[in-house]
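What follows is one structure encoded as structure tokens, with my remarks underneath.
What follows is calculated from the coordinates using simple rules that are stated; it is not laboratory data. Being a predicted model, the structure only gives us computed values, none of them experimental. Using ideal geometry, Cβ is built from the backbone for each residue, glycine included, and neighbour counts are taken over all protein chains shown.
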Amino acid sequence: MRRSLLGLAAAAALVVLLSPGPAAAKPVCPPDAPPSFPCVIPIDDHFVDDETCAFPIHVDAVGHIGYRPRFNRAGELIGEAFTPSIRFLVTNPVNGRTITDADVGLDKARFLPDGSVEVLSTGIHAKARTAANETLFRRIGLQLIHIDGEGNQTIEIVGGNFQPDEDFQRLVCAYLAGG
């Protein structure tokens with residue numbers, strides 16, 4: 001599931017966590033976490049993204065994702081809840097221009113008998129802002145994400161303010177480039 005183009009670190013983690021099938025990875029809580037749930041998975045990821053814009057950008061993703069599994073009375077895992085709270089700093093290393101972004105909300109996954117997953121995702125999925133606090137791009141609200149047994153996903157916007165993903169590259173990359 002892609003919450004935003006900048007949410008690469010968090011999105012990659014959630015796709016793996018929610019992928020249907022027997023080999024689906026589950027979160028490993030930090031070793032110092034209590035043996036019960038919920039747990040908090042820290043995010044401290046720093047990388048160079050050379051695909052989003054026509055030039056490399058540095059991405060710093062810091063925050064956490066709360067995780068709580070849901071079991072039925074027989075003890076079988078039937079769903080999971082994630083509460084991301086991740087802040088992004090994106091920098092064009094050539095000119096030093098930056099934007100900030102955020103991924104904050106609730107993602108509730110439900111595992112369906114056919115091996116697919118349905119995710120109710122609400123909150124701030126993306127809110128890219130300049131250093132002057134001008135919002136360039138936003139995806140805020142409620143969406144339903146359907147992941148089939150093969151891992152293919154479709155997104156249904158239910159309500160909110162969702163700019164198309166293409167706007168991100170057009171607006172944010174142009175700003176970072178100095179345009």
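Taking every alpha-carbon pair under 8 Å whose residues sit at least 6 apart, segment 35-103 reaches a relative contact order of 27 percent. Our estimate of slack between residue 166 and residue 62, defined as 0.36 nm per intervening residue step minus the Cα-Cα distance, is 35.0 nm. Ranked by the mean number of other Cβ atoms within 10 Å of their residues, highest first, the peptides 145-152, 85-92 come out as 85-92, 145-152.
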